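Once you've had a glance at the structure underneath, I'll fire off some questions.
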Amino acid sequence: MDKKSLRNDIILIASLLLVAVISLIVVFASQKKEFLVAKVYRQNDLILTIDLKEKEEKDYYVDGLKGQVHIHTKENAIAIVESNCPHQDCVNMHYVNTTNRPIICAYNAIYIIIEGSTSSYQDLEI
């Protein structure tokens, strides 16, 4: 292979990589950010909806079937930080910030589901 065709191949590959990187940057930059909302249920009843995009940390107290559950939120994350349940599995989950990992306090029949939306903040039903 001569030097000229090798140089042309390198230029072609570099150009294709550059176009691919620029395309990925444009696609990711144009996507709307995901807005996370936590929904707190007691048995099957929705009792609280929390916007997780707020930067301010907040505490919530909800009554479970056998006692009160202390929920703490910080930007993009939620946790049960205190419960009267014997095993403390819900407390040991620590902060959750993904839509595929619910927090469950079976003892108090409290569960928290995080839902994501690619719509704008104003479109969220809270």
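The values are calculated or read from the model by the stated rules, or taken from the named source; none is laboratory data. Because the structure is a prediction, the values reported are computed rather than measured. Cβ coordinates were reconstructed from backbone atoms using ideal geometry, including for glycine residues, and neighbour counts include every protein chain displayed.
Name the residues in segment 83-109 that are within 16 Å of Asp63 (Cα to Cα), outside any helix (DSSP H, G or I) and within 21 Å of the chain's Cα centre (by Cα), would you?
If the condition is that a residue be within 16 Å of Asp63 (Cα to Cα), outside any helix (DSSP H, G or I) and within 21 Å of the chain's Cα centre (by Cα), then Ile103, Ile104, Cys105 are the ones that fit.
Can I ask one more? Of the residues that make up segment 90-106, is at least one under 20 Å from Gly64 (Cα atoms), of a type in the set (Gly, Ala, Ser), at pLDDT 90 or above and surrounded by 15 or more Cβ atoms within 10 Å (Cβ to Cβ)?
No: segment 90-106 contains no residue that is under 20 Å from Gly64 (Cα atoms), of a type in the set (Gly, Ala, Ser), at pLDDT 90 or above and surrounded by 15 or more Cβ atoms within 10 Å (Cβ to Cβ).
Another question, if that's okay. Among the residues of segment 28-38, are any modelled with pLDDT of 90 or more and either under 18 Å from Glu115 (Cα atoms) or in a loop (DSSP other than H, G, I, E, B) (or both)?
Yes, the conditions are met somewhere in segment 28-38.
Within segment 58-85, track down each residue that is more than 15 Å from Val96 (Cβ to Cβ) and touching a Lys or Arg at 6+ places or on another chain (Cβ under 9 Å).
Lys58, Val62, Asp63, Gly64, Leu65, Asn84, Cys85
Looking only at residues in segment 33-45 that are under 19 Å from the mean Cα position of the chain (by Cα) and not acidic (Asp, Glu), which one is surrounded by the fewest Cβ atoms within 10 Å (Cβ to Cβ)?
Applying the first criterion (under 19 Å from the mean Cα position of the chain (by Cα)) to segment 33-45 yields 33-41.
Among the residues that remain, those that are also not acidic (Asp, Glu) are: 33, 35-41.
Values: Lys33: 10, Phe35: 19, Leu36: 21, Val37: 18, Ala38: 23, Lys39: 16, Val40: 21, Tyr41: 17.
Residue satisfying both the conditions and the ranking: Lys33.
If the Cβ limit is 8 Å and pairs must be 6+ apart or interchain, which residue in segment 23-41 that is closer than 15 Å to Lys74 by Cα pairs with which residue that is among the aromatic types (Phe, Trp, Tyr) and modelled with pLDDT under 65?
Phe35/Tyr121
I would also like to ask the following. Could you look through segment 107-118, keep only residues that are surrounded by 12 or more Cβ atoms within 10 Å (Cβ to Cβ) and of a type in the set (S, T, N, Q), and pick out the one that is modelled with the lowest pLDDT?
Per the criteria, the residue is Ser117.
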